[in-house]
Amino acid sequence: MLRTNTCGELTIKDKNNKVTLCGWVQRSRDLGGMTFIDLRDRYGITQLVFNMDTNSALCEEARKLGREFVISVIGTVAERSNKNLKIPTGEIEIIADSFEILNESKLPPFTIEDDTDGGEEQRMKYRYLDLRRNVNKNNLELRHKMASATREYLNSVNFIEIETPFLIKSTPEGARDYVVPSRINPGEFYALPQSPQTFKQLLMVAGYDRYYQIVRCFRDEDLRADRQPEFTQIDCEMSFATQEGVLETFEGLVKHLFKKIKKIDIEKIPRMSYHDAMKYYGTDKPDIRFEMKFVELNDVTRGKGFKVFDEAAFVVGICAEGCGEYTRKQLDELTDFVRKPQIGASGLVYVKIGKDGSYKSSVDKFFAQEDLKKIAAKFNAKENDLILILAGQKDKTRKCLGELRLEMADRKGLKDNKKYCPLWVLDFPLFEWHEEMNRYYAKHHPFTSPKPEDISLLDHNPIVVKANAYDLVINGVEIGGGSIRIHNKQLQNKMFKVLGFTEKEAQEQFGFLMNAFEYGAPPHGGIAFGFDRWCALFGEGTSIRDYIAFPKNNAGRDVMIDSPSQISEEQLKELNLKIDLKK
Ligand code: ASP
């Protein structure tokens, strides 16, 4: 090795030792008689000293070192007079005997400090410099620990890690595929996997009864704030397990990761049906760190002459405890919030309960104190509480109120990011109806099994069929999702039929899977977790991008390597692609 030690490990115990360190010049301070340099590597920072009195030539040389130069230095560990107890190496320094410049550095475009002056764009372009900063280093270390702990747990319960191909076949279900032209099969394309779903099921048919993979998946979706075109899943599948068995097995993984990474003991993970999640929280991923459950109000709001309520299919509200003194301005802000196009409500009705127990509402004209009292009683509301009510079409109103609930939680500081409330959401519907496409879509994916007792409903009332599907939600974030699968050709065929496939289309696209079902496919089910998201959650970060070494930006571009980019005419020709390159 070019070094005897790292920059993060020497302490007072090493006093008087002769050492060689390698690293980057983080900062240098020239105090006339002395020059101090902070030498940094992945492990930490160690202070070097160069003394004008004892070795002026060396000191002169050291003064010329620029930021981010890579050097190796030989010296002796000495006790520092001015100790820095904030860092592990802060009690010592290295009295330098000699150093060598291993490589020079241009002045970096931003400071490599915790508090950098670099903007987003610059830091993405020079990602390798940004990655030198502690925040990013800590994030990638966390990611590594999460991956190791995941493997540790899954290996311990007999799962084996098997790789599945990246060049596969395009399928129409789900998101858009990224496609790759095949040079040797002119006019034909591979697709990059949106997930290894069909392969992991085929592994079950092959008898590898517990499979996992920490695997890259690719989805060509319209980019939203926290989406990456390529992302990583902890993908798992197991045979001969009931839904209960799958949930218990992966509850084990959740507990293991919480314990190992966050030092938190997780009790039994609570469960909620999809139906209740929608009814009480207006979303299939409720944040249950706080209550503020929905209360339906049609029966107490009808017939008071207030047209909005009388004409609405659905009236529903939440009670924000202790917000009874909200001002006009604050209430207006909330009204503006629900009216934003992304939320889409037309208005907001409030009922304030004063400290004296009196009621004040935006619908006082129609609702007497007695009526408001009845509404408040539905929430068990107390003095100084604030009730917020929305009305309209059921699903949409629930969705809006769900957003308002989260907004109120923000305002009340209820989203404690040190608190973790995992939740299983169960019993999802098998299908959802797509108005524009005029057809059913699989809510999870087309391989998900209906609940056995609902199979007979597939023919005439598919929308009420429930699936053996489950999601893991933590603090309002969907961390994982999976299902018990169909393992029978006839049922799989029926599923495709409901989804609008002709028999021929189903055979063309998924024949390989259905044929495999005819060769002793065992009952099986599984789950996949969004690994990047889970890392961001544990890292208390806001964006998955910060937990990926080389992420794409919001426009799906890698600005460092400048991709996507055009390819040469020659490559195009070789691939039998004719593209009009004129923009
Ligand atoms: N393949 C599914 C997904 O990517 C997860 C699963 O059902 O296991 O969402």
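The values are calculated or read from the model by the stated rules, or taken from the named source; none is laboratory data. Note that the structure is predicted; figures quoted are calculated from it, not measured. A quick note on method: Cβ atoms are made from the backbone with ideal geometry, for glycine too, and the neighbour counts reach across all protein chains shown. Remember, those area values only see protein heavy atoms, side chains included, never the ligands or the DNA or RNA. Shrake-Rupley method; radii C 1.70, N 1.55, O 1.52, S 1.80 Å.
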Rounded to the nearest whole number, the Stokes-Einstein translational diffusion coefficient of the chain at 20 °C and 1.002 mPa s (Kirkwood radius, C-alpha pairs) in µm²/s is 75 µm²/s
Measuring from centroid to centroid over Cα atoms, what is the spacing of segment 1-69 and segment 152-203 in Å? 49 Å
I'd like the distance separating the alpha-carbon centroids of segment 458-475 and segment 400-415, in whole Å. 27 Å
Quick one: in segment 42-187, what % of C-alpha pairs are over 20 Å apart? 71 percent
Hey, what's the chain come to in accessible area per residue, 1.4 Å probe, Å²? 51 Å²
With the Cα gyration tensor of segment 120-230 giving a ≥ b ≥ c as the square roots of its eigenvalues, does the rule (a/c under 1.5 for rounded; else a/b larger than b/c for prolate; else oblate) give rounded, prolate or oblate? oblate
Whenever you get a sec, compute what percent of the accessible area on the chain sits on carbon and sulfur atoms (1.4 Å probe). 50 percent
Listed pairs K285/K374; K86/K137; K443/K494 exceeding 26 Å between Cα atoms: K285/K374
Among P108, S81, I94, which residue has its Cα furthest toward the positive end of the charge dipole of segment 79-123, with +1 on Lys/Arg Cβ and -1 on Asp/Glu Cβ? S81
Taking all pairs of distinct alpha-carbon atoms in segment 372-462, Kirkwood radius in angstrom: 17.5 Å
Partners for K451 among aspartates and glutamates (Cα-Cα distance below 12 Å; same-chain residues under 8 apart left out): D427
Measuring from its Cα centre, the chain shows a charge dipole (+1 at each Lys and Arg Cβ, -1 at each Asp and Glu Cβ) which, in debye to the nearest 20, is 820 debye
Nothing charged except the Cβ atoms of Lys and Arg (+1) and of Asp and Glu (-1): what's the magnitude of the dipole of segment 456-583 about its Cα centre? Round to the nearest 20 debye. 280 debye
The local net charge around L247, scoring Lys/Arg +1 and Asp/Glu -1 for residues other than L247 whose Cβ lies under 13 Å from its Cβ, equals -2
Check which residues have an amide H placed less than 5 Å from S273's amide H, if you skip close sequence neighbours. L426
Excluding D209 itself, what net charge comes from residues whose Cβ is under 13 Å from its Cβ, given Lys and Arg +1 and Asp and Glu -1? +1
Solution diffusion estimate, µm²/s, Stokes-Einstein, segment 453-510, Kirkwood Rh from C-alpha pairs, 37 °C, viscosity 0.692 mPa s: 247 µm²/s
Around I92, which amide H atoms from residues at least 5 apart in sequence, or from another chain, sit under 5 Å from its own amide H, with H modelled in the peptide plane? R80
So what are the ³J(HN,Hα) numbers for segment 463-477, from phi and the Karplus equation (6.51, -1.76, 1.60; θ = phi - 60°), rounded to whole Hz, Gly and Pro as x? 5, 8, 5, 9, 10, 7, 10, 8, 10, 9, 10, 10, 6, x, 10
For segment 495-583, take the convex hull of the Cα atoms, compute a quarter of its surface area, and give me that in nm², please. 11.9 nm²
Please list H434, H256, H524, H460 from largest to smallest accessible area, probe radius 1.4 Å, with all protein chains kept in place. H460, H434, H256, H524
How big is the accessible area of L2 in square angstrom, nearest 10, if you roll a 1.4 angstrom probe over the protein chains? 130 Å²
Hey, any idea what Rg/Rh is for segment 351-407, computing Rh the Kirkwood way over Cα pairs? 1.01
Which whole-angstrom value gives the distance between the alpha carbon centres of segment 133-150 and segment 216-231? 21 Å
Provide the per-residue ³J(HN,Hα) series for segment 433-442, in order, calculated from phi with Karplus coefficients 6.51, -1.76, 1.60 and θ = phi - 60°, each as a whole number of Hz, with x at glycine and proline positions. 8, 9, 4, 5, 7, 6, 7, 7, 10, 6
Return the Rg/Rh ratio of segment 237-317 with Cα-based radii and a Kirkwood Rh. 1.21
Along the charge dipole of the chain, Cβ charges K/R +1 and D/E -1, which of P551, G354, L58 sits furthest on the positive end? G354
Could you order V465, V180 so the one with the most accessible surface comes first? Probe is 1.4 Å. V180, V465
For segment 305-416, give the magnitude of the charge dipole about the Cα centre (Cβ charges: +1 Lys/Arg, -1 Asp/Glu; no others), in debye to the nearest 20. 180 debye
Kindly write out, for segment 502-519 in residue order, the coupling ³J(HN,Hα) from the Karplus curve 6.51 cos²θ - 1.76 cosθ + 1.60 (θ = phi - 60°), rounded to whole Hz, with x marking Gly and Pro. 7, 4, 5, 4, 4, 5, 4, 8, 10, x, 4, 6, 5, 5, 4, 4, 8, 10
Residue (of Y281, I561, V300) at the positive-pole extreme of the chain, dipole from beta-carbon charges: V300
Heavy atoms of D115 accessible to a 1.4 Å probe, total area in Å² rounded to 10: 140 Å²
What is the set of long-range amide H partners of Q194 at a cut-off below 5 Å, with H atoms built 1.01 Å from backbone N? F218
Set of lysines near K200 by C-alpha distance (under 19 Å), chain-local residues within fewer than 8 positions excluded: K169, K489
Only bridges with both residues in the chain count here: give the DSSP antiparallel percent, nearest 5. 95 percent
